[in-house]
Amino acid sequence: MGNFIGKSVKRKEDVRFLTGKGRYTDDIKLPGMTHAAFVRSPYAHAKILNIDTSAALRAEGVVAIFTGSDECGNYGVPCGWQVNFKNGETMREPQQPLLAKGKVRYVGEAVAIVIAETLEQARDAAELVEVDYEELPAVTNPKEAMQDGAPLVHDQWPDNRAFDWCIGNDRAEVEKALASAHHVTELEYVNQRLAPNAIEPRSYIADYNVAEDKWTLYTSTQNPHLIRLLLCAFALGIPEHKVRVVSYDVGGGFGSKIFHYTQEALLTWVTKQIGRPVKWTADRSEAFLTDAHGRDHVVKAKMGFDKEGKIVALLADEYCAMGAYLSTFAPAIPTYLHGTLFQGLYTTPLIHLDVTAPFTHTVPVDAYRGAGRPEATYLLERLIETGAKEMGMDPADIRFKNFIPAFDGVNQPGYQTQVALQYDSGNYAPVLKRALEMVDYENFRKEQAEARKQGKLLGIGISTYIEACGIAPSAVVGALGARAGLYEVGEVRVQPTGKVSIYTGSHAHGQGHETTFAQIVADKLGISIEDVEIIHGDSEQSAFGMGTYGSRSLAVGGSAIVKSIEKVLEKGAKIAAHKLEAAVEDLEYADGKWTVKGTDKSISFGDVALTAYVPHDYPEGVEPGLDFSSFYDPVNFTYPFGAHIAVVEVCPDTGKVTLKRFVTCDDVGNVINPMIVDGQVHGGVVQGIGQALLEGVVYDENGQMVSGSYMDYAMPRADDVPMIETDRTVTPCPHNPLGVKGAGEAGTIGATPAVVNAVVDALWHLGVRDIAMPLTPARVWAAMQGKS
Amino acid sequence: MKITGEHQLAAPASEVWKKILDPRILERITPGIKTLEEKGPDHYKAISEVKLGPVKGRFEGDLFIRDKEEGKKCKVVLDQKSKLGNALAEIGMELVPVSERETLIKYSGDARISGMLARMGQRVLGGVVKTLSKQFFEALEKEL
Amino acid sequence: MIPAKFDYVRAGSVSEAIALLDKYGDEAKLLSGGHSLIPAMKLRLNRPAVLIDIGHLSELKSITEEGDEVVVGANCTHKQIATSELIASQASVLAEAARTIGDVQVRNRGTIGGSLAHADPAADYPAALLAAEAQIEVEGKNGRRKIPAADFFQGMYTTALADDEVVVAVRLPKGSQGTYEKFFQPASRFAIVGVAVVKRNGGVQVGITGASDTPYRATAVEQAYAEKGVDAAELAAEGVDMMEDHFADAAYRAHLAKVLTRKALA
Amino acid sequence: MKISLTVNGKQYAHEVEPRMSLTHYLREVLNLTGTHIGCDTSSCGACTVLLDGVAVKSCTILAVQADGCEVTTIEGLAQGSDLHPIQEAFREHHGLQCGFCTPGMVMTAVDILQNNPNPSEEEIRHGLEGNFCRCTGYHNIVKSIQHAAEKINA
């Protein structure tokens, strides 16, 4: 209707960030605020024999010290998702204690918290806490954790298994199909553990107000309401209406700030004990040790083809690490957000995945950008690419051969996969066609052959992907094991002057909601974008909300706002009809006013709003005010898809990979702000490239993390990547009012296998078939020497 | 971390044996060791100060000599704690006479470090051990 | 991250710094740019009781010619060295190395004196100084002395600098024109291997950093060069124990030493 | 220890502990919270400010070292409500998402363009080697700096 949807409107939030006026949690100072420092385990696994805090308590400025033997040691943070064993038993769920009690189970686990007047004093005193440990053997690799005799993470579970799980068709049937397939491609690899590394480290301030008996928790979270619920109802058992959770500006999340962390609950407990506010902000070193990690799957997978290259069966066995405890979403990641994507874009008739999820002596593993879906895409795209090459087929052709035919979800039904989901709408061939065109695939092979003659190693790698996002339809995720529904709330408060305040339960930490949501509202109401304010991140302002993750904000949060706007317009029409002395049916709404059809009689949105709040001349039976809240619970996930192509050059002397080009054609449904969507894709792609080439958490044989700083954990820098060439097709989502699908994770999901496929392509003629991620120069060079 | 290596010394095995099992000498030649205080047979309280470029830390703990075979082999166990992290090294030493006046020391063992030291120091640990063992043998040579 | 407590003293001159070093002994550390020391102190890997700041001493900030030498003051920043015309024309191998250190901000602040005293085994300057046959000039209680680069670097983080000595300058023979080939460790930006080559009087001088616990002169390469030319690069790792980490094992480091040496010789 | 310095054109004098970093001084004492801390190892660049006109990592500089110096932070870049051309270009070309690395990126960009008014894409990327961004993939940051250069030179 209006002028904003589909336009690259500049972001409303930028000026405050560009002038240093953002309000991140660590920027907040409260009167009387104390500072916390943690005493952390130097061991991956040890008995705590004794903790002596006496010297620390005497240190300058110390307010209090707590350990696991204090009351807080009885509390723990919950897991939000339940997965059952194949035999129906409930998953094993250890309490994740606020402070370790009796035992530590990963390096960096907190054993004591020191509160002092200043941060310096807290740090100094923390060093004086003496802890006696008895070190025990540790296991950090998920496959090794399942071997007989592996050190136990929780003594009560003698095989380290948190759960096992499977999805898809009958295993025997899949195995049979593989046995009779024309060709079977098999890969064994590790989808390595990653540290999310939002550049803002996690930060919390808890403030208990004695007079009101109320808590405020300022937290760098992606979902303040969810944190409040988990904190109050599950972690501490305190009344929810007495707790306000605030999350203003957050410096990136990528999943790592979804979860309810022990420090949030612990600080909330501490502030009441000491009667003063208390702040803790992680150092980067602490972030490496305590932020939930991503990925960490050990995989064995087979894909069977017929002689035309059609996939006939897919079978995978995976060991997926959980870490020492179950983080908020952890069990869902290698299961419902992973196995359900094994159909990919292909018509594979038989699919089976077996997952074993062990505890390991590491920080918990949970959602990291893409969460389970990048791992699924990596598996599919490495297999199909390898299969094509082994059979001498073109990697692009084999994908076209296997694509699910187009369906729009309206005239044709959604596509029912072998792995529980029903896709909403899809048209897969055009994205790959477009990406191939952009990269000039036809000519590339000639260029590659020519380059090889000159001793240069060029490679091209394709990846196509689908993801399930817009998390999520409550009924579906409930059936899948979520312990809460995942709708979203959108409230539209029209002020008497016609200005509009929008309260959303989703949360922005880089995604630009203040702009995109305002575009939708301004567009639908036909008003100026300056007249719309988006408010998020405060549990006392928005009624409720589920936050932002799983590319859900626009599809679910945006749709909730649209629902409320519809209600505003419906009620506004009644008021307008009264003022214009016309019937509601005779009115039309455009450009911010109601007009009696065929006349020039009209009333503006602002005048209607004023009337609603000053109802002297008002329709009978209509309540004053113009304020609506809606809960939107989608009927299905949304299913964006796309094709990514990487072009690489491998240095024949050193094995160093240079990314020459990266091309994407994504389909995220309708687009509200192309500039922002492109930005999401750029960032996602580079994180995906990071996994392929640079990133990886490394533990030594004793469970010590040896990649725990930016000196040893490599991430992409500006000079590691080229410009990202993006394009789009549009296949609207048929089941939400905006027709949008979500774009936050797409880049990360598509990029990783494209890069690895490209490197392997460059070296295929040398006999290289696979290289372990990250593809460091040393590993690539070793592979070139036949040592991979 | 595995530690292995060998070093040839211009002294008979018996002399080398005597020197490296003399706590006063061991205290003097082991890089970083400040004091070795006898707590029991082949058991010492060790206080060391490691000073290596960016890292400087005081360590305290035990040093044990185990599995002694007079003049031939022994195992040194060093268990040290500090604010930077803890270190546990078990290193077997074997003296192989090369000639009457030359002895080859072969050593091999394992070192475990934890805490900040492990996280920040792992990348250089191999080099550190090399530098420290170089210093140890240079000091030992001076004693011979 | 917050360092442990310390006292801070600004030295008014090099001699004052030496007197202060003498006074505080082992408890003191010199501070110049601080880009090696402060991170270690923030992690509390080091906790000197006193920092003696010499960073502002202008007497150590100049780049000059003295006879056959280019003299680079210890307080010169990496950026100053990377952009000095004198160094570009008389000791380019040093500028080549300086250009690759850290990043823009680090080069704006970090100093050559600080870097040398710190002696990170993967630092870039040592390769260039070895190849240039430079001397490191230090001053202590007993006056000044010049230490040849080959004697200065003694091990990992270990130098010939005595506890009471200050690095005051680096002296490079004029004509130290050369190249520095570096293979970056992608996280720290230090060298996995860095090779500096200076060609002089028909011969070559090769310095290698990052590969081993101590930067070294690849003498085998230098000796074979006359006969074998660039193929002498094959000897770049000869007799040297290579370091290992999760970015590069020993075999790969040895390989890189050869590849980069070949490139630098060409 | 007593220090006095100029920050964004204003004179300040404070008693500080020698171990206080310049970042903490700016954030905690002067309440200039636009300068951020993202790491412990001088790697991420979120804390970049101009010290006597050149970009430095303020987390690796002690406040006492800055005694007598002139500091410019992100808060001092705009002239009143007029954004600096680099800030303007970042807004125009979507060079930021979560905004956390942004102040450091912008201050580094100032240094890059000071030294090289017409940098190539490669030179810009190289100039940003000391700054991490986890959101943008650098694409639009590079574009922003390219456009800022054009604007400044125009």
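Readers should treat all values here as calculations from the given coordinates under stated rules, not as data from a laboratory. Since the structure is predicted, the reported quantities are computational estimates derived from the model, not experimental observations. Here the Cβ is made from the backbone with ideal geometry for all residues, glycine too, and neighbour counts use every protein chain on show.
Given springs between every Cα pair under 10 Å in a Gaussian network model of chain C, which of C:F152, C:F183, C:F247 has the largest fluctuation? Comparing C:F152, C:F183, C:F247 in the GNM, the peak value goes to C:F247. Ranked by how many other Cβ atoms sit within 10 Å of their own Cβ, fewest first, the residues A:F544, A:F163 fall in the order A:F544, A:F163.
The HN-Hα couplings worked out from phi for region D:60-74 by the Karplus form 6.51 cos²θ - 1.76 cosθ + 1.60 (θ = phi - 60°) are 10, 10, 7, 4, 5, 6, 8, 3, x, 9, 10, 10, 10, 10, 4 Hz, whole numbers, x standing for Gly and Pro. In this structure, the residue pairs whose Cα-Cα separation is over 25 Å, taken from A:K389/C:K182; A:K310/A:K446; C:K61/C:K174; B:K39/B:K83; B:K81/C:K5; B:K83/D:K57, are A:K389/C:K182; A:K310/A:K446; B:K83/D:K57.
Scalar couplings 3J(HN,Hα) for region A:331-340, obtained by applying the Karplus form with A = 6.51, B = -1.76, C = 1.60 to θ = phi - 60°, are x, 6, 5, x, 10, 5, 9, 10, x, 6 Hz; x denotes Gly and Pro.
Taking amide H as placed 1.01 Å from N in the peptide plane, the amide H of A:H45 sits under 5 Å from that of A:L136, each at least 5 places away or on another chain. Residues whose amide H falls under 5 Å from that of A:L457, counting only those 5 or more places apart or on a different chain, are A:V650, with hydrogens built in the peptide plane. Descending by average beta-carbon neighbour count within 10 Å, the peptides A:206-213, D:24-31 line up as D:24-31, A:206-213, the highest first.
A quarter of the convex hull surface defined by the alpha-carbon atoms of region C:7-53 gives 3.0 nm² as the mean projection.
Relative contact order of region B:2-143, taken over Cα pairs closer than 8 Å and 6 or more residues apart, is 27 percent. Convex hull volume of the Cα atoms of region D:85-153, normalised per residue: 68 Å³.
I'd like the projected area of chain A, averaged over all directions, using the convex hull of its alpha carbons. Report it in nm² with one decimal.
Projected area, direction-averaged: 35.8 nm².
Residues whose amide H comes within less than 5 Å of that of A:S256, counting only those at least five positions distant or on another chain, are A:R369 (H built at 1.01 Å from N in the peptide plane). Taking a straight Cα-Cα cut-off under 18 Å and skipping sequence neighbours fewer than 8 places away in the same chain, the aspartates and glutamates within cross-link reach of A:K524 are A:E491, A:E514, A:E533, A:E566, A:E570, A:E588, A:D591, A:D607, A:D627. Using θ = phi - 60° in the Karplus curve 6.51 cos²θ - 1.76 cosθ + 1.60, the 3J(HN,Hα) couplings for region A:735-749 round to 10, 10, x, 8, x, 9, 10, x, 10, x, 9, 3, x, 5, 5 Hz; x is entered for Gly and Pro. Here, P(r) means the percent of Cα pairs in each 10 Å bin from 0 to the largest distance; for the protein assembly as shown it is 2, 8, 16, 21, 21, 16, 9, 4, 1, 1, 0, 0, 0. Residues B:I33, A:I535, C:I81 in ascending order of nearby Cβ atoms (within 10 Å, fewest first): A:I535, B:I33, C:I81. Size of region A:487-632: Rg and Dmax of its alpha carbons, in Å, are 15.6, 48. Need one word for chain C: rounded, prolate or oblate. Basis is the Cα gyration tensor (sqrt eigenvalues a ≥ b ≥ c); a/c below 1.5 gives rounded, then a/b vs b/c decides. Prolate shape, in that a/c is at least 1.5 and a/b is the bigger ratio. Taken as Cα centroids, region D:1-55 and region B:1-76 sit 46 Å apart, rounded to the nearest whole angstrom. Contact order normalised by length for region B:39-93, with contacts defined as Cα pairs under 8 Å and 6 or more residues apart; what percent is it? RCO, region B:39-93: 26 percent. Its residue count N sets the reference 2.2 N^0.38 Å, and the alpha-carbon radius of gyration of chain B equals 1.02 times that reference. Near B:R66, once Lys and Arg are set to +1 and Asp and Glu to -1 for all other residues with Cβ below 13 Å from its Cβ, the sum equals -3.
Please report the net charge: other residues with Cβ closer than 15 Å to the Cβ of A:A449, K and R +1, D and E -1.
Local net charge: -2.
Which of C:S84, A:S54, D:S144 comes first, and how do the rest follow, when ranked by fewest Cβ neighbours within 10 Å?
Listed from fewest to most nearby Cβ atoms, that is A:S54, C:S84, D:S144.
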